[in-house]
Amino acid sequence: MLAFLGFAMIVVFMYLIMSKRMSAFNALTIVPVVFALIGGFTDLGPMMLAGLEKIAPTAIMIIFAILYFGVLIDTGFFDPLVAKILKIVGGDPLKIVLGTAVLSLIVALDGDGTITYLIVVTAFLPLYEKLGMNKLILACIPALAMGVMNLTPWGGPAVQAAAAVNVDILEMLVPIIPSMIAGGVWVLVVAFFLGRRERKRLGVTHIDLDLSGEIAATLDTGMDASIKRPKLFWFNLVLTLLVMAALLTGFLPLQALFMLGFAIVMIVNYPNLQDQKDRLHAHAGNILTVVSMIFAAGVFSGIIEGTGIVAAMADILIAIIPDALGPRLTVIVAILSMPFTFFMANAPFYFGIIPIMSETAAHFGIQPIEIGQASLLGQPLHLLSPLQGSIYVLVGLLGIDIGDHIRFSAKYALGTAVVMTVVGVLIGVLSI
């Protein structure tokens, strides 16, 4: 009975989200409550609270990570980098596409696809148009970069995967850093291939250096120049490097690290209290959207664990999966994550399917953290999914058709996911 309720709940949950009958927040909150009540569970309060308690540290980290990177962007932290790259690439299509990849990989560190696309496209679109380069390349390369850098600890998929299998996010991500590095190298390889093809088609054009300055200046469009802090660039750079080093070494818990980093970057760049309030208000909407869903996910996971629904569903899967395939579940999850994260939103995949796979894998001696790691490796394809919002920002900025973008980029995104998965197998993160 519980297993049937569980599978029915997942189907309803996915249908409501994918058909846009409900928002992810509403579905995560209401659907498990309804099905738990149908199953005869009435004391849901303690279950929901337990789920919220587990998710709270992650939500705190997300709040201050968004604020930290948001303030850096407000200060114009990335502007000098953009100007320098534009000056280097000149009128060579190969250098331009490589420059697109380098800038995309760096800016995508904040884990926000919309911000990455805005900065990269705004910087490079004038060059692509002047030289007659294929704008699908300018759509493809940032999407590939986001497919890799989206796995940062403050990125949505990593947070959801860690919450779904109830493990520490940093402990889960550090072992797959080699896979992320390999994915980044793949992005550069694809950029080289596409850039060389454009160079053969168009040749190299001489562009006055003044033009690069004009293009870089377009980054200021629609932004208040008074919030920029160019004189504090080096301070912000050193602080960010220290934050990254502390993150990788585990010097402080992520929550405390980003709280401290945000406090410092805000005080130094915006010492005026009113300016600080304005910066907080500017990023409040993004924070509320993300964090509200994280708490809703806590309710979802708390109920399906507390009622025993996950365990019942896992028992069914254990009976179906041949014993020979059991020890290879990590690789199976990695492969399944490629189409699953394309055809559905992250929320139903990570909170509907991954907990079941994790519970199933435990019966074959596989730790939940390994399932969480495997589930992230299909993310490069998710960035091409019509179900995620940032893709519409990208195609809108470029004025291209979303279908053309997906058809052009899908094979390269699949390559990214395969490379990351193969490296995961080679370094022993994924068992076979």
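Listed by first and then second residue, the pairs linking a residue in the stretch 34-57 that is among the β-branched types (V, I, T) to a residue that is in a loop (DSSP other than H, G, I, E, B) and surrounded by 19 or more Cβ atoms within 10 Å (Cβ to Cβ), with Cβ atoms under 8 Å apart and 6 or more places separating them unless they lie on different chains, form an empty list. Residue count for the stretch 354-384 satisfying the condition of being over 24 Å from F300 (Cα atoms) and either in contact with a Cys (Cβ under 8 Å, 6 or more places away or on another chain) or not aliphatic (A, V, I, L, M) (or both): 3. Counting just the residues of the stretch 44-75 that are of a type in the set (G, A, S) and either surrounded by fewer than 21 Cβ atoms within 10 Å (Cβ to Cβ) or under 18 Å from the mean Cα position of the chain (by Cα) (or both), which one comes out nearest to L288 (Cα to Cα)? Taking the candidates together, the pick is A59. Restricting attention to the stretch 286-311, the residues that are outside any helix (DSSP H, G or I) and open to solvent by 20 Å² or more (accessible area, probe 1.4 Å) add up to 1. Please find, within the stretch 360-384, the residue that is surrounded by the most Cβ atoms within 10 Å (Cβ to Cβ) out of those that are in a loop (DSSP other than H, G, I, E, B) and under 13 Å from the mean Cα position of the chain (by Cα). So, considering only residues that are in a loop (DSSP other than H, G, I, E, B) and under 13 Å from the mean Cα position of the chain (by Cα), the one surrounded by the most Cβ atoms within 10 Å (Cβ to Cβ) is L377. For the stretch 234-284, a residue qualifies if it is among the aromatic types (F, W, Y) and either at pLDDT below 90 or open to solvent by 50 Å² or more (accessible area, probe 1.4 Å) (or both), and the qualifying residues are W234, F235, F251, F258.
Scanning the stretch 386-417 for residues that are crowded, with 18+ Cβ neighbours inside 10 Å and without any contact (Cβ under 8 Å) to a residue 24 or more places away in the chain returns a single hit, I406. With the condition kept exactly as written, say whether any residue in the stretch 63-85 is more than 21 Å from I353 (Cα to Cα), among the polar types (S, T, N, Q) and not in a helix (DSSP H, G or I). Checked against the condition, which is being more than 21 Å from I353 (Cα to Cα), among the polar types (S, T, N, Q) and not in a helix (DSSP H, G or I), the stretch 63-85 yields at least one hit.
Residues in the stretch 1-23 that are out of contact with any Pro (no Cβ under 7 Å at 6 or more places or on another chain) and under 14 Å from S301 (Cβ atoms): G6, I10. Residues in the stretch 322-359 that are assigned to a loop (DSSP other than H, G, I, E, B) and either modelled with pLDDT of 75 or more or surrounded by 17 or more Cβ atoms within 10 Å (Cβ to Cβ) (or both): M344, A345.
Quick one: which residue in A143, A123 is open to solvent by less than 20 Å² (accessible area, probe 1.4 Å) and at pLDDT 90 or above?
The match here is A143.
Against the list (1) surrounded by fewer than 22 Cβ atoms within 10 Å (Cβ to Cβ); (2) within 28 Å of G403 (Cα to Cα), the condition V167 fails is (2).
The values are calculated or read from the model by the stated rules, or taken from the named source; none is laboratory data. Predicted model only: the values in this text are computed from it and were never measured. FYI the Cβ positions are ideal-geometry reconstructions off the backbone, even for glycines, and counts take in every protein chain you see. What goes into the accessible areas is simple: the full protein's heavy atoms, side chains included, and nothing from ligands, DNA or RNA. Shrake-Rupley method; radii C 1.70, N 1.55, O 1.52, S 1.80 Å.
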